[in-house]
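Encoded as structure tokens, the structure appears first; notes follow it.
The values are calculated or read from the model by the stated rules, or taken from the named source; none is laboratory data. Here the structure is a predicted model, which means the values were calculated and not measured. Neighbour counts are summed over all protein chains in view; Cβ atoms, including those assigned to glycine, are modelled from backbone coordinates with ideal geometry. Surface accessibility is based on the protein's heavy atoms, side chains included, excluding ligands, DNA and RNA. Shrake-Rupley method; radii C 1.70, N 1.55, O 1.52, S 1.80 Å.
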Amino acid sequence: QVQLVESGGGLVQAGGSLKLSCAVSGIDFSINTMGWYRQGPVKERELVARISSGGNTDYPDTVKGRFTISRDNGNNTVNLQMNSLKPDDTAVYYCHCSPGGVNYWGRGTQVTVSS
């Protein structure tokens, strides 16, 4: 059974930092691309960061230079370090993978950035 469990969300002031973590089980973690997505109020779910099995990363312009994704293959975790947070970053953040083309999502963790 595939499980993705996010942690680390919370309330932070604008300009602050948070680190999210996702613990993954049930897949061969080291060979899978992992991603973080977010969905804000009345917004569609969007990609925040992605890291390949080889460690290549991908970010949209909205977070580039502020967010950093990393992976720990020994502990089957993927992390998202978020710096210089803005109120527009307020959203539920989801961990994602798609082994064999099947999408798996965590339940999400709320991040709220106050102005």
What is the gain in length, in nm to one decimal, between R107 and D61 on full extension, counting 0.36 nm per residue of separation less the C-alpha to C-alpha distance? 14.0 nm
Anchor K19: aspartates and glutamates whose Cα lies under 12 Å away (excluding residues fewer than 8 positions away in-chain): E6
Quick calc, S115 & A23: beta-carbon distance into FRET formula, R0 25 Å, rounding 0.05, result 0.20
Where the centre of each part is set by its Cα atoms, how far does the stretch 49-63 sit from the stretch 68-94, in angstrom? 11
From the C-alpha gyration tensor of the stretch 15-115, pull out the three semi-axes of the equivalent ellipsoid (sqrt of 5λ each), sorted largest to smallest, in whole Å. 23, 14, 12
If you check each cysteine of the chain for another cysteine whose beta-carbon is under 4.7 Å away, which ones come up empty? C97
Looking only at trypsin sites (Lys or Arg not before Pro) in DSSP loops with at most 15 other Cβ atoms within 10 Å, what is the longest site-free stretch of the chain? 1-42
Find the accessible area per residue for the stretch 34-113; the probe is 1.4 Å, ligands and nucleic acids are left out, and the unit is Å². 51
Modelled FRET efficiency - R0 22 Å, T68 with E46, Cβ distances, 0.05 increments: 0.80
Suppose a student asked you for the relative contact order of the stretch 7-110, using Cα pairs under 8 Å spaced at least 6 residues apart; what percent would you report? 33
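With all protein chains present, how much of the accessible area of the stretch 24-69 (probe radius 1.4 Å) comes from carbon and sulfur, to the nearest whole percent?
Looking at the stretch 24-69 in its full context, I get 46 percent from C and S.
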